[in-house]
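Since the structure comes first, as structure tokens, the remarks are kept for the end.
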Amino acid sequence: MSDTDGKKPLGLSGGALSGRVNQSFSRGRSKSVVVETKRKRVVVPKPGTQSAAAQNAEGGKREKSVPDAELERRLRALQNAKAREVEDEQRRQQEEKDREDERARRRAEAEAKEREEREREENLRAKEEEETRRRAEDEARRKAPAAAPARATAPSPKDVVSDPAAVEAAAAATPGSRGANKPLPPPTRRKAEDDDRAGRARTAERDSERRSGKLTVSQALTGGEGGRQRSMAAMKRKQERQRQKAMGGMVDREKVVRDVQLPETILVSELANRMAERAADVVKSLMKMGMMVTQNQAIDADTAELIIEEFGHRVQRVSDADVEDVIVSVTDHAGDLQPRPPVITIMGHVDHGKTSLLDRIRKANVVSGEAGGITQHIGAYQVTTEGGAVLTFLDTPGHAAFTSMRARGAHVTDIVVLVVAADDAVMPQTIEAINHAKAAKVPMIVAINKVDKYEANPDKVRTDLLQHEVVVEKMSGDVQDVEVSAVTGQGLPELLEAIALQAEILELNANPDRPAEGAVIEAQLDVGRGPVATVLVQKGTLKQGDIFVVGEQWGKVRAMENDRGERIKEAGPSVPVEVLGLNGTPEAGDVLNVVATEAQAREIAEYRHQAAKDKRAAVGAATTLDQLLAKAKADKNVAELPIVVKADVQGSAEAIVQAMEKIGNDEVRVRVLHYGVGAITESDIGLAEASGAPVIGFNVRANAPARSSANQKGVEIRYYSVIYDLVDDVKAAASGLLGAEIRENFIGYAQIREVFKVSGVGNVAGCLVTEGIARRSAGVRLLRDDVVIHEGTLKTLKRFKDEVKEVQSGQECGMAFENYEDIRKGDVIEIFEREEIERSLS
Ligand code: GDP
């Protein structure tokens with residue numbers, strides 16, 4: 001531009017010379033344009049071409065050499081007209097874009113504070129640049145007057161690159177467009193004013209008054225140069241922000257530090273709510289921590305604590321059960337305690353005589369002396385021994401009830417009576433019962449039943465029990481043993497006295513003078529009476545009119561009946577009563593607590609209901625072997641890993657138990673709660689759940705009810721077929737050295753419907769894929785009665801006559817094993833794939 005130095009400025013500064021005329025254009029638009037007097041040589045270049053603009057700029061520079069300035073002015077007029085069209089279009093697009101930017105900004109409002117900081121700096125910078133640019137512009141205008149037309153055309157960046165001069169001119173003339181390329185730099189008020197002034201000058205030159213008559217801020221800001229424009233709303237918002245800032249000094253809205261109450265789990269949205277932060281920000285923070293969660297997912301308290309700290313708030317951990325604090329936990333003083341009757345559960349193998357025994361005891365002891373009493377089955381009853389001791393028997397024999405109660409947190413039973421038939425032997429359920437009693441740490445009394453029978457051999461029972469670490473008194477142990485007969489009633493008084501003696505040893509006490517606490521033995525919805533529950537009072541005295549919460553239900557004691565069907569007004573410790581007045585049916589094992597008000601009762605019940613729902617939702621992530629070990633290690637008190645083992649044969653079960661018991665270091669010890677032979681049953685799952693143990697299946701599988709029960713309760717079942725794998729797993733976990741693990745994924749199950757002999761192939765199983773898919777390349781196991789009898793690969797997988805790679809669930813197929821022929825109708829084929837995964841205990 002130095003070549004233009006010293007030249008007299010023409011063009012824009014000489015705009016005062018222009019006259020105005022309305023012009024009609026071919027597309028039906030009419031424009032008011034700047035014109036001068038007509039002269040003869042009229043060369044009108046095609047409007048809108050780039051070369052015209054370039055030529056124009058060039059021509060402007062050469063203006064001095066052109067004798068006739070009219071051409072120049074005409075061209076400029078046309079360019080102006082065209083420029084406005086372009087501008088209008090650009091503005092429309094710009095406004096569209098601005099609207100979008102607005103939306104984006106709203107989304108990013110959370111970052112507004114931080115951004116404002118940045119903006120302030122940018123504004124300063126922008127202002128400086130603005131100044132410099134304006135100065136350069138003025139200078140350019142002075143020095144290169146001929147460049148004015150080019151400037152007025154507001155060339156789009158694409159237009160100008162072809163001509164360096166035009167680029168320069170455009171750069172100087174369009175400060176607004178420079179700024180607009182930045183991500184939303186809000187100009188300060190000063191800047192707006194500066195722009196305003198600069199814009200006024202420019203627009204005057206460019207004959208803009210006809211466009212709107214009124215100068216708007218957005219025009220002022222962008223100078224109408226076709227650069228990016230802002231919406232009025234955005235502009236106003238920015239000015240408002242700046243005004244507020246100016247008024248309040250530079251102090252930002254002060255951050256309010258909140259005390260955030262944090263329960264054991266919390267929904268992300270609720271956490272955000274309690275911090276008064278945006279949920280999206282909380283989700284973002286969680287993502288930064290590597291947790292991909294949505295607003296509606298729950299996170300644990302530890303994670304939530306990190307988030308709360310990150311947001312600068314204070315954590316106030318509240319126990320999840322705070323709402324339950326109203327349940328008075330009265331510390332009973334020794335002086336308040338009075339002896340209470342023991343609560344007895346009868347357990348043993350099926351048909352060993354549990355029910356007969358319970359009935360016999362009841363008949364012999366209840367009816368006598370209690371004239372007129374109609375025995376009622378309410379789930380428990382009380383008897384008085386000849387010695388005057390009162391005993392409470394739970395009427396539901398068997399360990400299913402026992403473990404389900406225990407799993408629900410009700411420790412009801414004080415003494416277990418183990419019934420073993422003298423004409424039979426120690427049976428699988430006998431062993432289970434022993435293990436259940438041991439796991440619950442409840443003392444046992446052995447009732448050797450059916451001694452009236454000729455083939456009875458009580459001593460065999462005693463020696464059998466030795467194998468299971470039950471050493472009865474007759475074998476110089478400390479477990480009482482009594483020979484009885486439920487049929488003849490022989491030995492029953494002795495059995496009851498033995499129980500009374502055991503109870504004495506246990507020194508069972510309770511304070512009857514306090515709000516009652518009890519456990520539900522049975523509950524059902526009675527058509528006539530509504531929900532009814534048999535409650536065994538454990539502490540305090542339950543009175544008519546008491547308000548209580550029981551599990552997820554609550555109620556007010558409307559009426560109570562004892563085991564003889566008599567109406568009673570109150571029930572003390574160890575007394576079973578049938579309670580009326582519940583608002584819903586609780587479950588066996590639910591704990592009943594008397595509270596002060598109905599509101600409290602309702603609140604606790606609702607809270608528990610919600611908590612139970614959450615728990616059910618979280619069951620997928622329940623106890624796994626790794627977690628249990630981690631927990632065992634983290635928690636000094638739980639230095640024991642309980643497991644339940646089921647195996648295909650006695651030998652392997654025993655080998656596993658031995659191996660497991662050898663494992664152990666200072667931190668973790670393995671305790672086999674129960675082991676047995678055969679499929680994993682619901683009973684195993686129940687025991688595992690009650691003790692928080694995983695179930696190990698060695699060459700056996702869980703049957704269908706056990707599988708669904710395990711899924712429901714979140715009990716882990718691990719299958720192994722090599723003892724060393726199991727030992728290694730547990731060992732590695734215990735010592736914290738977990739390497740990559742080969743995990744088996746069961747991908748399908750197929751049932752063998754028919755077996756065909758095919759010459760050249762051997763035995764082919766005609767199967768129905770019952771679950772998942774069958775895959776030719778996968779590993780297969782042959783299960784007979786849930787026991788693994790073969791493991792290998794497939795020789796063939798056929799659908800109709802074709803060899804296929806996969807067969808879907810519900811379809812029939814033919815399968816033959818590699819090197820294995822003993823397949824039978826009814827067998828199940830398990831299809832699995834192995835996957836190597838990295839484990840960690842943390
Ligand atoms: P549960 O399955 O353990 O409850 O056993 P039950 O009480 O139903 O008894 C199973 C069978 O054994 C019934 O037929 C009873 O009559 C019989 N039974 C129970 N106790 C005795 C007993 O002491 N002597 C004899 N001879 N039979 C008995």
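The values are calculated or read from the model by the stated rules, or taken from the named source; none is laboratory data. Quantities reported herein were computed from a predicted structural model and do not represent experimental measurements. No Cβ is skipped: glycine too gets one built from the backbone with ideal geometry, and neighbour counts run over all protein chains shown. Each accessible area value is taken on the protein alone, full model and side chains, heavy atoms only, with ligands, DNA and RNA left out. Shrake-Rupley method; radii C 1.70, N 1.55, O 1.52, S 1.80 Å.
A single member of ALA440, ALA422 is small (Gly, Ala, Ser), in contact (Cβ under 8 Å) with a residue 12 or more places away in the chain, touching a Pro at 6+ places or on another chain (Cβ under 6 Å) and more than 16 Å from LEU358 (Cβ to Cβ), and it is ALA422.
From the list VAL700, VAL657, VAL672, the one residue that fits, being out of contact with any Cys (no Cβ under 7 Å at 6 or more places or on another chain) and open to solvent by less than 10 Å² (accessible area, probe 1.4 Å), is VAL700. Of the set (1) within 16 Å of the ligand (Cβ to nearest atom); (2) at pLDDT 80 or above, all apply to ALA364 but (2).
Against the definition (at pLDDT 85 or above, of a type outside the set (A, V, I, L, M, F, W, C), in a helix (DSSP H, G or I) and within 30 Å of GLN650 (Cα to Cα)), how does HIS436 come out, yes or no? Taking the combined requirement at face value, the residue satisfies it.
This table checks each residue for (1) surrounded by fewer than 16 Cβ atoms within 10 Å (Cβ to Cβ); (2) hydroxyl-bearing (Ser, Thr, Tyr); (3) at negative phi.
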{"site": "TYR749", "(1), (2), (3)": "no, yes, yes"}
{"site": "ARG753", "(1), (2), (3)": "yes, no, yes"}
{"site": "ASP785", "(1), (2), (3)": "yes, no, no"}
{"site": "HIS790", "(1), (2), (3)": "no, no, yes"}
{"site": "PHE832", "(1), (2), (3)": "no, no, yes"}
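Among the residues of the range 397-421, the ones that are away from the ligand (no atom under 11 Å from the Cβ) and modelled with pLDDT under 90 come to 14 in all. Exactly one residue out of GLY555, GLY518, GLY540, GLY551 is under 20 Å from VAL591 (Cβ atoms) and touching a Lys or Arg at 6+ places or on another chain (Cβ under 6 Å), and it is GLY540.
Scanning the range 734-747 finds no residues that are modelled with pLDDT of 90 or more, in a strand (DSSP E or B) and of a type in the set (Lys, Arg). Annotation for the range 539-549: no member residue is of a type outside the set (Gly, Ala, Ser), farther than 16 Å from ALA380 by Cβ and without any contact (Cβ under 8 Å) to a residue 24 or more places away in the chain.
Checked against the criteria, GLY772 counts as at positive phi and either assigned to a strand (DSSP E or B) or surrounded by 17 or more Cβ atoms within 10 Å (Cβ to Cβ) (or both).
Matching residues to (1) touching a Ser or Thr at 6+ places or on another chain (Cβ under 6 Å); (2) not hydrophobic (A, V, I, L, M, F, W, C):
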{"residue": "VAL419", "(1), (2)": "no, no"}
{"residue": "ALA425", "(1), (2)": "no, no"}
{"residue": "THR430", "(1), (2)": "no, yes"}
{"residue": "ASN435", "(1), (2)": "no, yes"}
{"residue": "ILE448", "(1), (2)": "no, no"}
{"residue": "VAL451", "(1), (2)": "yes, no"}
{"residue": "ARG462", "(1), (2)": "no, yes"}
{"residue": "GLN480", "(1), (2)": "no, yes"}
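Selection of strands (runs of 3 or more DSSP E) fully inside the range 549-604 by the criterion of at least 1 residues being crowded, with 19+ Cβ neighbours inside 10 Å and of a type in the set (S, T, N, Q) returns 553-561, 591-595. Please state which one of THR303, THR294, THR331 is modelled with pLDDT under 85, more than 16 Å from the ligand (Cβ to nearest atom), on the phi < 0 side of the Ramachandran plot and assigned to a helix (DSSP H, G or I). Answer to the check: THR303. Note on the range 820-842: residues that are modelled with pLDDT under 85 and either more than 28 Å from the chain's Cα centre (by Cα) or not hydrophobic (A, V, I, L, M, F, W, C) (or both) amount to 8. Checked against (1) assigned to a strand (DSSP E or B); (2) in contact with a Ser or Thr (Cβ under 6 Å, 6 or more places away or on another chain), LEU542 meets all criteria but (2).
Total residues in the range 487-525 satisfying the condition of being within 16 Å of the ligand (Cβ to nearest atom) and open to solvent by 40 Å² or more (accessible area, probe 1.4 Å): the figure is 5. When you check GLY530 against the structure, is it in contact (Cβ under 8 Å) with a residue 60 or more places away in the chain and either open to solvent by 10 Å² or more (accessible area, probe 1.4 Å) or more than 22 Å from SER356 (Cβ to Cβ) (or both), yes or no? The answer is no for GLY530. Restricted to the range 422-481, and to residues there that are β-branched (Val, Ile, Thr) and open to solvent by 30 Å² or more (accessible area, probe 1.4 Å), the residue that is farthest from the ligand (Cβ to nearest atom) is VAL471. If I ask for residues that are open to solvent by 10 Å² or more (accessible area, probe 1.4 Å), of a type outside the set (Ser, Thr, Tyr) and touching a Pro at 6+ places or on another chain (Cβ under 6 Å), which ones from the range 680-695 would you list? The one that is open to solvent by 10 Å² or more (accessible area, probe 1.4 Å), of a type outside the set (Ser, Thr, Tyr) and touching a Pro at 6+ places or on another chain (Cβ under 6 Å): GLU682.
Within the range 748-759, the set of residues being assigned to a loop (DSSP other than H, G, I, E, B) and either within 11 Å of CYS813 (Cα to Cα) or at pLDDT below 80 (or both) is empty.
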